[in-house]
Structures are given as structure tokens and as C-alpha cells.
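Novice: Below is one structure. I have some questions about it.
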Amino acid sequence: MTRKPFRFSLMAHGLPLVAACFVLFTVKELVSKPANEPQSPTYAPVIAPFEARVAGVGIVEPRSELLELGTHLDGIIDTVHVTVGDQVKKGAALFTLDERETRARLASAKAAEQEAKVALADAKSQLAFYEKIADPAAISREELTRRRFAAKRAEAVAKEAKARVKEVETELARRTVRAPISGEVLRLNARPGEYAKTGVLAQPLVVMGDTSILHVRVEVDEADAQAVKAGMPAKGALRSAGDKPVDLSFVRVEPLLQPKGNLTGDANERVDTRVLEVIYALKENTVGAYPGQQMDVFIKAEDAP
């Protein structure tokens, strides 16, 4: 019996062979893949310290709140006197705009003031000379009246020149932005050579605040607002130290509810709600707290919400 020669067929032999290789490869990968080990959380979870409590998200801020400073006048920034992290006193210079044009006008105004003073002294001298003449026939009444009005006019011009000097001096002083309070420079967006504009800016030129004591602005959902009582104790934990809650001191409640601003990323979180803001103070020795950090805060409640 004659045997037929073997002929390779793509459909009959090639596809089953490819499928078998794919199956073997998949089995090998599954066998060699290491078992998934349980992953520990990056940060320790926060443990609620009170049985009856109201939870909220807090933002660390200076006790003065954040002061976003601008400039009184438009102009090119000439000198920046501080750096980020500096502790400054109230009234300390933060940055100065170009003063050359203003100083030139001030010099001109002072010269005009000096000229007005000389003219006033001359007018008063002439008036005094005419008033000392004893003989009424030596000077007419009209001339004496004219001299008196000339002295008054010179006095008014001198006052106007003095006021003009004060005006330019005030403008010169406004070209230097100074610290409204004693505190720390937290952010600096003013740089020499840049143009500073007045008004509300997307990035304030200087952000500062009194960081001698840090506050926590806690946002409590409006549904839980009735359970919050003024003076109730609270504990908070930084996101990086959930296992180390710290005591918070009550400062005040801001009774005007605001739209929710701080988001936690929770899938069930509502963004169309309003919140009650409660202010607490951190202890001075709280380690690792910086303005702008988030805290998980639990406020003790008389009854569970």
C-alpha cells in the first residue's frame, strides 16, 4: 500500500500549533508570576478619638489667615527687600517700585514750594511796610487793600505748593509695599524688573501671615452643623501622621455657611453642599504642620449626628 507524502497545511496544522504555543506561554507566565502580597497603606489610617463625633477636613493656616498683598500703584519692581521664610515686623518694606520719575516730580514740587515761600515773605514784607506809614495821605486806601490781598494770595499759593509736596511724598511712600502685620513671608511672586499691576491678581505679589500660632479651618458639612457646639474639644491628624492625632484648641465658629471648597477625593463626596467653618488652634510644638496642609479633624459632639 503506497503512503501519501506529508503536506503541511496552514489550516489543518499551523493554527492548532500556534494555539498550543500560546496556551503553553500563558500557563508559563501564570506559574512564574509571583503571588500578590497584601500592600500596607502609605500612611497610617486615622482613628476616630470620640464615640460621638463630627468629622471634617481642615486646612492649616496662619492665625491671621493668609494675607494676599498687592500694590497701590502700577509700575516696574525695582527692589525686593525680603525672601520666602523671612520673619518681618509690621511696616517693614517688602518690595519697591521704580521711584525715579516720582522723585523727580518731588524735587520740582519742593522747588515750587520754596519759591512760593519767598513770594509770601516778600508780600508780607511789603504789606508791613505800607501798614507802618503813619501819614494817610502818603498811600491810598486802594493800594493798601491791594497789598493785603496780594499777601493773602501769596499765602494761598504757598499752602498749595506745600500740599503738592505732601501729595508727591505720599505717592513716593506708596511705591514701597510694606508689611501690614508682623509675620512670615510664605510666598513671593514679586521679582525685580517685572511689572506689578494693581487690583486682584491670579497670583498675589506677596503672601504672608502670622505663623507664631497656626490655626486649622475645619469644614463641617451642613448636615452635621447642628451637632457642632462652640467650645467642644477636637483632635486632628495630618495626612502623613494619621496615627498621631493632636489636641486642638477651640477659637471660634464662623456662622456664615460657605460653599464647600476642600475636596477629599471620596467617591461619595458631594461638591454642591455648603459647610460650616470652625476654627481651632494647633499647639505651638506641633511638628510638621505647615500652612496649606490638610488635616482630618474630629470634633466631639453631644449626640452622634
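The values are calculated or read from the model by the stated rules, or taken from the named source; none is laboratory data. Keep in mind that what you see is a predicted model, and the values were worked out from it rather than measured. Cβ atoms come from the backbone with ideal geometry, glycine included; neighbour counts cover every protein chain shown.
Novice: When residues of the stretch 64-88 are filtered for being surrounded by fewer than 16 Cβ atoms within 10 Å (Cβ to Cβ), of a type in the set (Ser, Thr, Tyr) and either farther than 18 Å from LEU172 by Cβ or at pLDDT below 95 (or both), how many remain?
Specialist: Residues that pass the stated criteria total 1.
Novice: Of the conditions (1) under 28 Å from ILE299 (Cβ atoms); (2) more than 22 Å from the chain's Cα centre (by Cα); (3) modelled with pLDDT of 90 or more, ALA173 satisfies every one except a single condition; which number is it?
Specialist: (1)
Novice: Determine whether LEU144 is in a helix (DSSP H, G or I) and not aromatic (Phe, Trp, Tyr).
Specialist: Criteria met by LEU144.
Novice: In the list LEU144, LEU172, LEU205, LEU214, which residue meets the criterion of being more than 15 Å from VAL82 (Cβ to Cβ), touching a strand residue (DSSP E or B) at 6+ places or on another chain (Cβ under 9 Å) and either surrounded by fewer than 12 Cβ atoms within 10 Å (Cβ to Cβ) or not β-branched (Val, Ile, Thr) (or both)?
Specialist: After applying the criteria, what remains is LEU214.
Novice: Related question: Restricting the stretch 190-219 to residues that are in a strand (DSSP E or B) and small (Gly, Ala, Ser), which is nearest to the chain's Cα centre (by Cα)?
Specialist: GLY209
Novice: Hey, does the stretch 107-123 have a residue that's among the aliphatic types (A, V, I, L, M), surrounded by 14 or more Cβ atoms within 10 Å (Cβ to Cβ) and either in contact with a Gly (Cβ under 7 Å, 6 or more places away or on another chain) or in the same structural domain as MET232 (by TED's automatic domain parsing) (or both)?
Specialist: Checked against the condition, which is being among the aliphatic types (A, V, I, L, M), surrounded by 14 or more Cβ atoms within 10 Å (Cβ to Cβ) and either in contact with a Gly (Cβ under 7 Å, 6 or more places away or on another chain) or in the same structural domain as MET232 (by TED's automatic domain parsing) (or both), the stretch 107-123 yields no hits at all.
Novice: Something else now. Given the conditions (1) in contact with a Lys or Arg (Cβ under 7 Å, 6 or more places away or on another chain); (2) assigned to a strand (DSSP E or B); (3) surrounded by fewer than 17 Cβ atoms within 10 Å (Cβ to Cβ), report the number of the one that PHE250 does not fulfil.
Specialist: Just one mismatch for PHE250, condition (1).
Novice: Across the stretch 201-239, what is the total count of residues that are within 30 Å of GLY70 (Cα to Cα) and in contact (Cβ under 8 Å) with a residue 12 or more places away in the chain?
Specialist: Residues that pass the stated criteria total 18.
Novice: Now a separate question. Report yes if some residue within the stretch 264-283 is surrounded by 14 or more Cβ atoms within 10 Å (Cβ to Cβ), modelled with pLDDT under 90 and assigned to a loop (DSSP other than H, G, I, E, B); otherwise report no.
Specialist: Checking the stretch 264-283: not a single residue is surrounded by 14 or more Cβ atoms within 10 Å (Cβ to Cβ), modelled with pLDDT under 90 and assigned to a loop (DSSP other than H, G, I, E, B).
Novice: Of the numbered conditions (1) free of Cβ contacts under 8 Å to residues at least 24 places away in the same chain; (2) crowded, with 18+ Cβ neighbours inside 10 Å, PHE129 fails exactly one; give the number of that condition.
Specialist: Single failed check for PHE129: (2).
Novice: Separate question: Determine, yes or no, whether ALA190 is outside the structural domain of GLY58 (by TED's automatic domain parsing), among the hydrophobic types (A, V, I, L, M, F, W, C) and either touching a residue at least 24 places away in the same chain (Cβ under 8 Å) or over 15 Å from VAL60 (Cα atoms) (or both).
Specialist: yes
Novice: Considering only the stretch 47-91, give the strands (runs of 3 or more DSSP E) lying wholly within it that have at least 1 residues that are of a type in the set (Val, Ile, Thr).
Specialist: In the stretch 47-91, the matching strands (runs of 3 or more DSSP E) lie at 53-62, 75-80.
Novice: Let me ask another. Does GLU160 meet the test of being surrounded by 11 or more Cβ atoms within 10 Å (Cβ to Cβ), of a type outside the set (A, V, I, L, M) and assigned by TED's automatic domain parsing to the domain that holds HIS81?
Specialist: Answer is no for this residue.
Novice: Please verify whether LYS162 is in a helix (DSSP H, G or I), out of contact with any His (no Cβ under 8 Å at 6 or more places or on another chain), more than 21 Å from VAL206 (Cβ to Cβ) and without any contact (Cβ under 8 Å) to a residue 24 or more places away in the chain, treating the condition exactly as stated.
Specialist: Answer is no for this residue.
Novice: Is it the case that the stretch 289-305 has a residue that's in contact with a Lys or Arg (Cβ under 9 Å, 6 or more places away or on another chain), surrounded by fewer than 13 Cβ atoms within 10 Å (Cβ to Cβ), modelled with pLDDT under 85 and assigned to a loop (DSSP other than H, G, I, E, B)?
Specialist: yes
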